[in-house]
Amino acid sequence: MVAARGKRSRHPPATRPRPAAPPQLTVLLADLASAVSLALRFASDRDLLLRPSQALALDPLLLAAARAVSRLLALLPLHLQTLTLTSLSLSPPAPPPSSLPSSWFLRLLSSPSSSLQDTAWRDAFRMSKPAFFQLLHCLALSDPATSASSSSSLALPADHKLGAALYRLAHGAPARAVARLFGLPSPAVAARAFYEVCRAVADRLAALLDLAAPDRISRAVPGFCALSLPNCCGALGYARFGAGAVTAQALVDAEGRFLDVSVGWDPSAPPPEILPRTKLYGSQSLVLSNAPQGELIGGSVPRYFLAPACCPLLPWLVTPYRDVGSRDDMSSSKERIFNSVHAHGAHLVNKAFGHVRARWRLLGEPWKGDCQEALPYVVVAGCLLHNFLVKLGEPLPHDAVPVDAGDDVFVDFQGDNDREGERIRDVLAVHLSLLSRTQRQSVSSL
């Protein structure tokens, strides 16, 4: 016997209908979508009232909320989706009519309120509006509105390029946010504008770091004399940037201006290995030569630079005394006085590094992959911009607190000292000790 085959149904199985959303859930989703839509509109229409830190923190949160609400609404039946979204938009607001500024930057440029504009300008670009346009003039960026752009430059207004680059450098803003704020076509264009401006800063402002320029060193001496450091020409120091990705060596004057910067060194390399490979090491004899000796009690002192304890003591590089507490009282007193004055002078370079980090926060962010190769050039650009703003007398923004990074710790040099370097340091120590004694006697006689 052959079992009879059952007849196969020709009708597909009935699909289970999607359960209808509860009316309360539909209302709640509609209210949530409305709130997100209004928040997006507020962030777009009132963005001049927001500080950059607020705008950059709010922007990704609102867009993430909009995407989340859109996914929730997609779970509703089609007719309820249509009903809910009829009067809502969960995308960034469309640009206004052509008669009105279409980007945050254009609205800032056309803002009628001078007080709001000045505050917003300093918050956004870490400098005043006059300083911004003086920098724009110095950089001579190509502008399609006034001249034919080269094939390597972007066809964007020069003020947009500079503004977008400074905003990214000042706040570590992602390229996507910069493109939206400045009305740029894409994040890739924002990234290209950033590197084009950094290259222009390195080219056009390079004279601000020319250590061999006439009188550059001699102009630094009076500032250190005021700190009781005769014949001193600069303070040398080290710092790490890009969340410890590279080490920078810099020399500054008594006003905190960079005289020399060398960036791109392996963060694990100690300063005694970095120093002999820098341009400063090879040129110091020429830079410091043909200068009068400082005649002090106990001997003469040539021109020199201050250096931290992680460097070797050399005739032109004066470091603090080591193990001061283990010496006899008289010597210890002399050396403690010297180390105290030395620390005050050496702090100048740490302060300058701190100002650069505070003003240009992108330099403290982690840099990964191919971008890390550009970090040294961006650090140099940040130091050049620092010098430019110091020259103009631009103050550090009130919210830019100088940063002393915890990763700027370098091991003290443990090698042998240079004998001529020891003689020069001892002469300076005796001079400072006598100066301190004279000052104490003057105070006690009052």
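Extension gain for the segment C371 to T438, taken as residue separation times 0.36 nm less the Cα-Cα distance, is 18.6 nm to one decimal. Rounded to two decimals, the Cα-based Rg/Rh of segment 263-319, with Kirkwood Rh, is 1.04. Rolling a 1.4 Å probe over the protein chains gives E335 an accessible area of about 10 Å². Taking amide H positions as modeled 1.01 Å from N, with prolines and chain starts lacking one, the residues under 5 Å from V246 and 5 or more places away or on another chain are F241. In this simple spin-label model, placing a label point 7 Å from the Cα along the Cα-to-Cβ direction at both A212 and A226 gives a separation of 3.0 nm.
Computed from the Cβ-Cβ distance with R0 of 22 Å, the FRET efficiency linking R51 to Y195 stands at 0.25. Overall, segment 177-298 carries a charge dipole of about 440 debye about its Cα centre when +1 sits on the Cβ of Lys and Arg and -1 on the Cβ of Asp and Glu, all other atoms neutral. Our estimate of slack between F42 and S283, defined as 0.36 nm per intervening residue step minus the Cα-Cα distance, is 81.1 nm.
The values are calculated or read from the model by the stated rules, or taken from the named source; none is laboratory data. Only a predicted model underlies this, so the values are computations on that prediction, with no experimental measurement involved. Backbone-built Cβ (ideal geometry, glycine too); neighbour counts: all protein chains shown. Side chains included, ligands, DNA and RNA excluded: accessible areas come from the protein's heavy atoms. Shrake-Rupley method; radii C 1.70, N 1.55, O 1.52, S 1.80 Å.
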